């Protein structure tokens, strides 16, 4: 086996394991179960402990239990779901007098549905207490692929949470600060991935087997017993042992995501004439900031950038690039207001509005923006029209394309003279990079480079983003379902799997693509049921039979029904395949015969073979006039590639 084949094999095995785990967890992942909701809730305040526990934290067990397990978790993380039965077993084996379990929110940025779920659960906790929280927790993990606002409201109502208060909490993001505080706490103690656990401060990372937990718990029970015997109050055992274990903790914790060494690659990030700038054009260090106004981390880094300006003065300039993220609905209107003020009042006006928007966050509704607009001296009618017409959309897209090109995922994201710094890093981290770049820039000036040309000289030799990946795939056969204008010059071949959760997730994006580009594009379905999705092959055959009987519309209707059913138990198994066929008015005897005889199996296998031959091994995968898009990418990724394909026609 050659090296390349080995790497691909390892990667596919990893993916298979990950997705298989997802499937297992969906059916069995229940953590701190509602059946034990009668157990005592905590009540002892340990807010002064190194890993604080307060009345705002969901708790199970007695507050003065000798062992506290802090669970740092994410509702959309499959690994978090996998460890939930272990938590349930620990409760049964030790009981509330020996262990206390405390929840800390840690939605990961690449799980787009996690953050809303955590804010909703925090609202349930605040309005109804720990008992209701754990029940909501169980429902969220049991329905991890259906973390929607409608479900949050439904579950909260079932738990007796006041509907009006809950709805208002979601709308105003009233308890978002609790989630932010937990994330900050997790980062402070080095818990960067999920699930992470601190057992009286002792680190245990990942979905470990129950024996690993018991090993630590038993050792901590013994330590607690010694403390109590020596006169320590039971209520003081937790903070005492957390402090002791923190001192004994190794610098690098096994299983934790360790901070990688600083990437010193210089990226050739351009600065445009219409980018808001703070600082002189001849500054020796240019900090390009991709950011937005609804992101709490962007707000959090504000004092750091202020300190940078105060510390370095005219040696530093900050260049702002809007990157309003799609899952922050008020980011785009806020960015539009700031851009309108910039157009009217220049850099000074922009940065004043920048500060006011962050001060107002999370209050960024139209009424809030209107008040800020009037205060800035820019007529609200001008701003409102710009929001309505997306007047600055082209500029925002330019910045978002740049962010994508330079892999500036999430916000805030910085480039310091081309050196990447991701996230709301502390001042010390910026200082380390700025000082090195300042020395480099001064060397260039000494060698004859004008100050105003320093950034240009540095990025001249910088790294540019690679061209979009291309793959050669066979033309789709005539019996492939098509959506859109069949004579369109841009063809999107979608290799997909009806049991794949990521394939389901990309469907709204594909609908947005069709809405945006209309008759310019057509989507052609190519089947690629993955081998570890046992129900996917027959589901693909069923959809193909719908196409065979009633054409494109029937296929896409059946396609939508399959993905909707994906979230339900037995949703894409044989009985439901027949039920969906009946709903669409298909000839059921013919449908059953096609499935029994695997009439369309050869078609399914041919599609898969074509995709594999082109190097597509996971789903969803898209070929857009030869350009490859891997995975459930955001709309902007598709838009960028489609626009490129259009320019080449």
**Study point:** Unmet requirement for residue 362, which otherwise passes all of (1) within 21 Å of residue 633 (Cβ to Cβ); (2) part of a loop (DSSP other than H, G, I, E, B); (3) touching a residue at least 60 places away in the same chain (Cβ under 8 Å)
**Key:** (1)
Exercise for review: Restrict the check to region 528-543 and report whether at least one residue is assigned to a helix (DSSP H, G or I), out of contact with any helix residue (DSSP H, G or I) (no Cβ under 9 Å at 6 or more places or on another chain), in the same structural domain as residue 497 (by TED's automatic domain parsing) and touching a residue at least 24 places away in the same chain (Cβ under 8 Å).
Suggested key: yes
Review point. Counting only residues that are surrounded by 13 or more Cβ atoms within 10 Å (Cβ to Cβ) and part of a loop (DSSP other than H, G, I, E, B), how many does region 447-488 have?
Key: 12
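Criterion first (closer than 28 Å to residue 296 by Cβ and part of a helix (DSSP H, G or I)) does residue 180 satisfy it?
Numbers: closer than 28 Å to residue 296 by Cβ: yes; part of a helix (DSSP H, G or I): yes.
For residue 180, the condition - closer than 28 Å to residue 296 by Cβ and part of a helix (DSSP H, G or I) - is met.
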**Study point:** Filtered residues of region 371-394 (kept if over 31 Å from the mean Cα position of the chain (by Cα) and not in a loop (DSSP other than H, G, I, E, B))
**Key:** 371, 373, 374, 375, 376, 380, 381, 382, 385
Exercise for review: Working only within region 583-625, note down all residues that are assigned to a loop (DSSP other than H, G, I, E, B) and at pLDDT 95 or above.
Suggested key: 584, 585, 586, 587, 597, 598, 599, 600, 625
Practice item. Please go through region 187-218 and pick out each residue that is in contact (Cβ under 8 Å) with a residue 12 or more places away in the chain and assigned to a helix (DSSP H, G or I). Key: 210, 213, 214, 216, 217
**Study point:** region 488-507, residues that are more than 25 Å from the chain's Cα centre (by Cα) and closer than 14 Å to residue 559 by Cα
**Key:** none
Review point. So which of 388, 363 is assigned by TED's automatic domain parsing to the domain that holds residue 289 and surrounded by fewer than 13 Cβ atoms within 10 Å (Cβ to Cβ)?
Key: 388
Check your understanding: What is the number of the single condition among (1) more than 15 Å from residue 104 (Cα to Cα); (2) surrounded by fewer than 20 Cβ atoms within 10 Å (Cβ to Cβ) that residue 224 does not meet?
Key -> (2)
Point to revise | Unique match (being within 20 Å of residue 631 (Cα to Cα) and surrounded by fewer than 22 Cβ atoms within 10 Å (Cβ to Cβ)) among 567, 579, 550, 593 | key: 567
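Determine whether residue 349 is at pLDDT below 95, more than 27 Å from residue 642 (Cβ to Cβ) and surrounded by 15 or more Cβ atoms within 10 Å (Cβ to Cβ).
No; evaluated as a whole, the condition is false for this residue.
Would you confirm whether or not region 508-517 contains a residue that is assigned to a strand (DSSP E or B) and within 27 Å of the chain's Cα centre (by Cα)?
No, because not a single residue in region 508-517 is assigned to a strand (DSSP E or B) and within 27 Å of the chain's Cα centre (by Cα).
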Point to revise | Condition check for residue 399: surrounded by fewer than 17 Cβ atoms within 10 Å (Cβ to Cβ) and either out of contact with any strand residue (DSSP E or B) (no Cβ under 8 Å at 6 or more places or on another chain) or in contact (Cβ under 8 Å) with a residue 24 or more places away in the chain (or both) | key: no
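In region 322-337, is there at least one residue being touching a strand residue (DSSP E or B) at 6+ places or on another chain (Cβ under 7 Å) and either within 20 Å of residue 383 (Cβ to Cβ) or assigned to a loop (DSSP other than H, G, I, E, B) (or both)?
Yes, that holds for at least one residue.
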Point to revise | Filtered residue count, region 439-449, keeping only those that are farther than 19 Å from residue 268 by Cα and touching a residue at least 12 places away in the same chain (Cβ under 8 Å) | key: 2
**Study point:** Which listed residue, of 310, 365, 352, 359, is under 17 Å from residue 276 (Cβ atoms) and out of contact with any strand residue (DSSP E or B) (no Cβ under 8 Å at 6 or more places or on another chain)
**Key:** 352
Exercise for review: With respect to residue 253, determine if the residue is at negative phi, at pLDDT below 90, in a loop (DSSP other than H, G, I, E, B) and touching a strand residue (DSSP E or B) at 6+ places or on another chain (Cβ under 6 Å).
Suggested key: yes
**Study point:** Residues satisfying the stated conditions in region 156-175, i.e. surrounded by fewer than 21 Cβ atoms within 10 Å (Cβ to Cβ) and either touching a strand residue (DSSP E or B) at 6+ places or on another chain (Cβ under 6 Å) or part of a helix (DSSP H, G or I) (or both)
**Key:** 157, 158, 163, 164, 165, 167, 168, 170, 171, 172
Exercise for review: Tell me, yes or no, whether region 117-138 has at least one residue that is surrounded by fewer than 21 Cβ atoms within 10 Å (Cβ to Cβ), without any contact (Cβ under 8 Å) to a residue 40 or more places away in the chain and either more than 30 Å from residue 219 (Cα to Cα) or under 26 Å from the mean Cα position of the chain (by Cα) (or both).
Suggested key: yes
Check your understanding: Restricting attention to region 454-473, and to residues there that are modelled with pLDDT under 90 and in contact with a helix residue (DSSP H, G or I) (Cβ under 7 Å, 6 or more places away or on another chain), which single residue is nearest to residue 630 (Cα to Cα)?
Key -> 468
**Study point:** Positions within region 450-470 being farther than 18 Å from residue 314 by Cβ and touching a residue at least 60 places away in the same chain (Cβ under 8 Å), in sequence order
**Key:** 459, 460, 461, 462, 463, 464, 465, 468, 469, 470
Exercise for review: Give the residue, chosen from 333, 412, that is surrounded by 14 or more Cβ atoms within 10 Å (Cβ to Cβ), at pLDDT 95 or above and within 22 Å of the chain's Cα centre (by Cα).
Suggested key: 333
Practice item. Would you please name the residue that is farthest from residue 540 (Cα to Cα), looking only at residues in region 489-499 that are touching a helix residue (DSSP H, G or I) at 6+ places or on another chain (Cβ under 8 Å) and surrounded by 16 or more Cβ atoms within 10 Å (Cβ to Cβ)? Key: 490
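The values are calculated or read from the model by the stated rules, or taken from the named source; none is laboratory data. No experiment lies behind these values; they were computed from the predicted model shown. Counting neighbours? That spans all protein chains shown, and the Cβs are built from the backbone with ideal geometry, glycine included.
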